[in-house]
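*Asks:* Starting off with a structure, shown below.
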There are 6 protein chains.
Amino acid sequence: MTVEEMKEYRLQYNKVMVEADSFFAEFGKLDDKVYADGAISKKHKELMGLAISLATRCNECILYHLEGCLNAKANFSEIVEAIKIGVIAGGSITYPNARFAFDKLQELMA
Amino acid sequence: MTVEEMKEYRLQYNKVMVEADSFFAEFGKLDDKVYADGAISKKHKELMGLAISLATRCNECILYHLEGCLNAKANFSEIVEAIKIGVIAGGSITYPNARFAFDKLQELMA
Amino acid sequence: MTVEEMKEYRLQYNKVMVEADSFFAEFGKLDDKVYADGAISKKHKELMGLAISLATRCNECILYHLEGCLNAKANFSEIVEAIKIGVIAGGSITYPNARFAFDKLQELMA
Amino acid sequence: MTVEEMKEYRLQYNKVMVEADSFFAEFGKLDDKVYADGAISKKHKELMGLAISLATRCNECILYHLEGCLNAKANFSEIVEAIKIGVIAGGSITYPNARFAFDKLQELMA
Amino acid sequence: MTVEEMKEYRLQYNKVMVEADSFFAEFGKLDDKVYADGAISKKHKELMGLAISLATRCNECILYHLEGCLNAKANFSEIVEAIKIGVIAGGSITYPNARFAFDKLQELMA
Amino acid sequence: MTVEEMKEYRLQYNKVMVEADSFFAEFGKLDDKVYADGAISKKHKELMGLAISLATRCNECILYHLEGCLNAKANFSEIVEAIKIGVIAGGSITYPNARFAFDKLQELMA
């Protein structure tokens, strides 16, 4: 799937979930608050989210935080360092997700 | 175990591992390089390591990166924000590790 | 993949596995026994299987237990509550699987 | 640690966390709501929480939901069936947690 | 995706990663050394890698180690035994990955 | 805990579980069959079990398979190579378990 298709799918089903049960609106709001600018800047939080997404091997989360990193003006070197932190933490089983991250980063920066 | 006992155990067996096989020296050196000051500062990398440790539920890793955060002059608010990012990513099954993080943070800041 | 394609693939390769080695028949039989009506009803066991599938982020398992829930006459509200229990346990990294669950639930209930 | 020591530690550090940051009160409230009586009964939700705790290998979570199961009047057979569902889902690496569950269940029912 | 497409994608993005940062060359070299013939033969190491890939539910890793097993002259029975060890360790949530393993094994042995 | 205490605890609660429900006898028997001498030797299966235990971060499993490796006459070099395969697969979050493995290996070989 392309970045655009993955984003569209995410938006569509986040909407379905929020309409199905208020829990998902509350959880989403809590997540947004955790990632808001604070003692740690939005940019560094998005880089943290990216590193966690690598270590926990969640491709959709990788795309979500790559978008967040770029929106918060993280540069290529910072993004690569976040990926490396995720890979060294989670080992060679994170390699498929690292490949996905570089694939989608190329698409997002094209 | 106290922080001091955990640190001593870590040092003792890291030494045993390095003496047993050069792999562990090489892996350790690679890990150190990934966490060195770079495009992302040492402080923010340690905060990232802490967030990953929460999300992946690794108590020894939490202690290791709490030490790294404090050595790199991260303040209490930054550390708490990193813990929150790990908890929202990993859910309620990370709560025991969040309690451990606050427990050891109190001990380290005492 | 559609629900039908996923089911067909599952059946095809479960058969391949059972033919390759008796272990898979034995493991499958043990799994079936665990999920049979007992002190806990079949319906509630399927809801438990669904919640576990969310928390452990296994999409094929989600589809399998969604089918089990519907066959055991679980209603929409019960299924949504099981998904919520999986999500709060496993955190925001389960969101892609929650979206998948709602996607396939729509398809199964259509 | 005994059940009483584990409960005391949990309460003490949940309090520390709630005092450190309002996030933990909000996350805790959301978790409580998800586990409240609803389309699925409180008892069955606690059994689900127990099964998830086995499959995700979280001992403190196991104790927490064993208490919840007993408070909601789940009987021994129901609790054992929930443990079995967690073990078949998560495999032999959940055995240490299954032993812990039976250990603490004995202590709680003594 | 076919085996060939998965291999091509792997090679393409491993190259992108190595060009982006020397870390990936170093990590890859370390991984290669760990899997080289030694006290344990290359064949048995690849079978171990396959079992780990099942237990940790990593499909790309499964394909990579299936190739390694076949290149090192592991036979069908050895490969099936490695898959079984991964499945009993990781439980029924590894079944989708076991199906994938048999699917790709058929394709590789065709 | 010492090796002896961990073994005693394991035996005691495996017995409790088998007495509580026949599922645990059946699962245990299936696990024993998977690890029996076959196309892959008992020794190499125990080394695989050790590598999986590292990658999945299960200390009790590490001790169990260290015993199995030594009983099957695996030597120190083979055991260290199995640990390395687990660590490179699972990354730096497996280091606490690698330390535990070397700690218990020293105790078992003393």
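*Asks:* May I ask you to verify whether residue A:29 is at the interface with another protein chain (Cβ under 10 Å from one of its Cβ atoms) and open to solvent by 20 Å² or more (accessible area, probe 1.4 Å)?
*Replies:* Details: at the interface with another protein chain (Cβ under 10 Å from one of its Cβ atoms): yes; open to solvent by 20 Å² or more (accessible area, probe 1.4 Å): yes.
Yes; evaluated as a whole, the condition is true for this residue.
*Asks:* Further question on the same structure: Looking at region E:70-94 only, could you name the residues that are open to solvent by 10 Å² or more (accessible area, probe 1.4 Å), more than 15 Å from the chain's Cα centre (by Cα) and within 14 Å of chain D (Cβ to nearest Cβ)?
*Replies:* E:92, E:93, listed by residue number.
*Asks:* Hey, another quick one. Contact list please: Cβ distance under 7 Å, first residue in region E:8-21 and among the acidic types (Asp, Glu), second residue buried (at least 17 other Cβ atoms within 10 Å of the Cβ) and assigned to a helix (DSSP H, G or I), pairs at least six apart or on different chains.
*Replies:* Matching pairs, first to second residue: E:21/A:80; E:21/A:84.
*Asks:* Determine if region A:1-8 includes at least one residue that is at pLDDT below 95 and open to solvent by 10 Å² or more (accessible area, probe 1.4 Å). Before you say what the answer is, go through the steps one by one.
*Replies:* Going through region A:1-8, the residues at pLDDT below 95 turn out to be A:1.
Subsequent filtering for residues that are open to solvent by 10 Å² or more (accessible area, probe 1.4 Å) retains A:1.
There is at least one residue in region A:1-8 that is at pLDDT below 95 and open to solvent by 10 Å² or more (accessible area, probe 1.4 Å).
*Asks:* Going through A:73, A:33 one at a time, which residue ends up being touching a residue at least 24 places away in the same chain (Cβ under 8 Å) and more than 22 Å from residue E:25 (Cα to Cα)?
*Replies:* After applying the criteria, what remains is A:73.
*Asks:* While we're here: Out of the residues in region F:95-110 that are out of contact with any Asp or Glu (no Cβ under 9 Å at 6 or more places or on another chain) and at the interface with another protein chain (Cβ under 7 Å from one of its Cβ atoms), which is surrounded by the most Cβ atoms within 10 Å (Cβ to Cβ)?
*Replies:* Result: F:98.
*Asks:* Please give the number of the condition residue D:63 fails out of (1) under 16 Å from residue C:40 (Cα atoms); (2) surrounded by 18 or more Cβ atoms within 10 Å (Cβ to Cβ); (3) more than 7 Å from every other protein chain (Cβ to nearest Cβ).
*Replies:* (1)
*Asks:* If you don't mind, another one. Just to verify a result, which residue in region F:34-57, among those that are more than 7 Å from chain E (Cβ to nearest Cβ) and hydrophobic (A, V, I, L, M, F, W, C), is nearest to the chain's Cα centre (by Cα)?
*Replies:* F:50
The values are calculated or read from the model by the stated rules, or taken from the named source; none is laboratory data. Only a predicted model underlies this, so the values are computations on that prediction, with no experimental measurement involved. Glycine also receives a Cβ, built like all others from the backbone with ideal geometry; neighbour counts cover every protein chain displayed. The area values use the complete protein model at the heavy-atom level, side chains included, leaving out ligands, DNA and RNA. Shrake-Rupley method; radii C 1.70, N 1.55, O 1.52, S 1.80 Å.
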